[in-house]
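The values are calculated or read from the model by the stated rules, or taken from the named source; none is laboratory data. Model, not experiment: these values are computed from the prediction. Every residue, glycine among them, receives a Cβ derived from its backbone with ideal geometry; neighbour counts consider all protein chains shown.
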Amino acid sequence: MKTYENTGSKDTRSGFGAGLEALGKINENVVALCADLTGSLKMDAFKENHPERFFQVGIAEANMMGLAAGMTIGGKIPFTGTFANFSTGRVYDQIRQSIAYSDKNVKICASHAGLTLGEDGATHQILEDIGLMKMLPGMTVINTCDYNQTKAATMAIANHHGPVYLRFGRPKVANFTPEDQHFEIGKAVHLQEGTDVTIVATGHLVWEALEAAKTLHNDGISAAVINIHTIKPLDAAAILESVKTTGCVVTAEEHNFLGGLGESVARELALAHPVPQEFVATQDTFGESGTPAELMEKYGLNAEAITKAAKKVMARK
């Protein structure tokens, strides 16, 4: 069984900040816009080193999306920054009409996604953003798992033409992917081979999936773990290849089970290779205030929940 080392817990939003700053040095067309959350989005370094390419729009998220769309006409590559709730729900009309519909090259970068926003509570903990964004024609949807992958993804999307939704988080989580990794949009990463059950995870749940795989291994169960950092376009081939061996799948995400990764996987299975599936996700509910760890435990978004789901789905084969 392959093992992964946590090289030090870091927040994924800092990976975004590091990637944006690196882009600022190598691509003069990259510009950054922020809705009064520069520190929270870790955009300070870009602002300080490239002030002529940084635009503080204030608490005016809809205006920020319109500005970003307009900047692309002049060849700029705008990266917008605010919380995931304000990056999607608050400005959905502007994204649909001004960005997606006209295929504008805007990178919508969304921090503090999911339950792990923590104490700020349900009004800020968006759990439906992946569904909202993946339904927009032409929108690429990325949900990274750690600091290194977020930095790599931030840099990679600058070279991708078209609208992108990049989702990341606030808390410090395990940093275990390679520092020098090549990030390929739409290409799943096989972290663990297995023969009994496939675990397909995204975002903060990837590390939890690896921890679950350890527990399952100790119980004599061989679990495959696949890191789906790109939810759209989905690497269906990678998932189908694995489930043809294991015969069942668990999907794990910090998102509502309606509209998220699990539904995308279910669609591919229904079309090509139906097998039993269990969903580790929030169950059509809003969040609440609490520490990230408390919330992930209460809502069943951790290694223990994935382990239970794996055993349950295996029993359905």
(1) farther than 28 Å from G8 by Cβ; (2) in contact with a Pro (Cβ under 8 Å, 6 or more places away or on another chain) all hold for N148 apart from (1)
Condition set small (G, A, S) and on the phi > 0 side of the Ramachandran plot, scope segment 99-120, selection surrounded by the fewest Cβ atoms within 10 Å (Cβ to Cβ): answer is G118
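Among the residues in segment 230-251, are any under 15 Å from the mean Cα position of the chain (by Cα), surrounded by fewer than 19 Cβ atoms within 10 Å (Cβ to Cβ) and assigned by TED's automatic domain parsing to the domain that holds A281? Break it down into steps so the answer makes sense when it comes.
Residues of segment 230-251 that are under 15 Å from the mean Cα position of the chain (by Cα), as a first pass: 230-235, 251.
Among the residues that remain, those that are also surrounded by fewer than 19 Cβ atoms within 10 Å (Cβ to Cβ) are: 233.
Filter once more, keeping what is assigned by TED's automatic domain parsing to the domain that holds A281: 233.
The answer is yes, given that some residue of segment 230-251 is under 15 Å from the mean Cα position of the chain (by Cα), surrounded by fewer than 19 Cβ atoms within 10 Å (Cβ to Cβ) and assigned by TED's automatic domain parsing to the domain that holds A281.
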Only one of G186, G194 is assigned to a loop (DSSP other than H, G, I, E, B), surrounded by 18 or more Cβ atoms within 10 Å (Cβ to Cβ) and among the small types (G, A, S), namely G194
Out of (1) crowded, with 23+ Cβ neighbours inside 10 Å; (2) within 18 Å of L117 (Cβ to Cβ); (3) not basic (K, R), the one T38 does not meet is (1)
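So that you can scan it fast, the table gives a plain yes or no per residue for (1) part of a loop (DSSP other than H, G, I, E, B); (2) of a type in the set (S, T, Y); (3) over 30 Å from E193 (Cα atoms):
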residue: Y4; (1), (2), (3): yes, yes, no
residue: F16; (1), (2), (3): no, no, no
residue: A22; (1), (2), (3): no, no, yes
residue: K25; (1), (2), (3): no, no, yes
residue: K47; (1), (2), (3): no, no, yes
residue: L67; (1), (2), (3): no, no, yes
Here the residues within segment 292-304 that are out of contact with any Pro (no Cβ under 9 Å at 6 or more places or on another chain) and in contact (Cβ under 8 Å) with a residue 60 or more places away in the chain are L295, M296, Y299, L301, N302, A303, E304
Checking A281, A309 in turn, the sole residue that is in contact with a Gly (Cβ under 9 Å, 6 or more places away or on another chain), of a type in the set (A, V, I, L, M), in a helix (DSSP H, G or I) and surrounded by 14 or more Cβ atoms within 10 Å (Cβ to Cβ) turns out to be A309
Subset of segment 201-243, residues part of a loop (DSSP other than H, G, I, E, B) and within 20 Å of E263 (Cβ to Cβ), comes to T202, G203, H204, I228, H229, P233, L234, D235
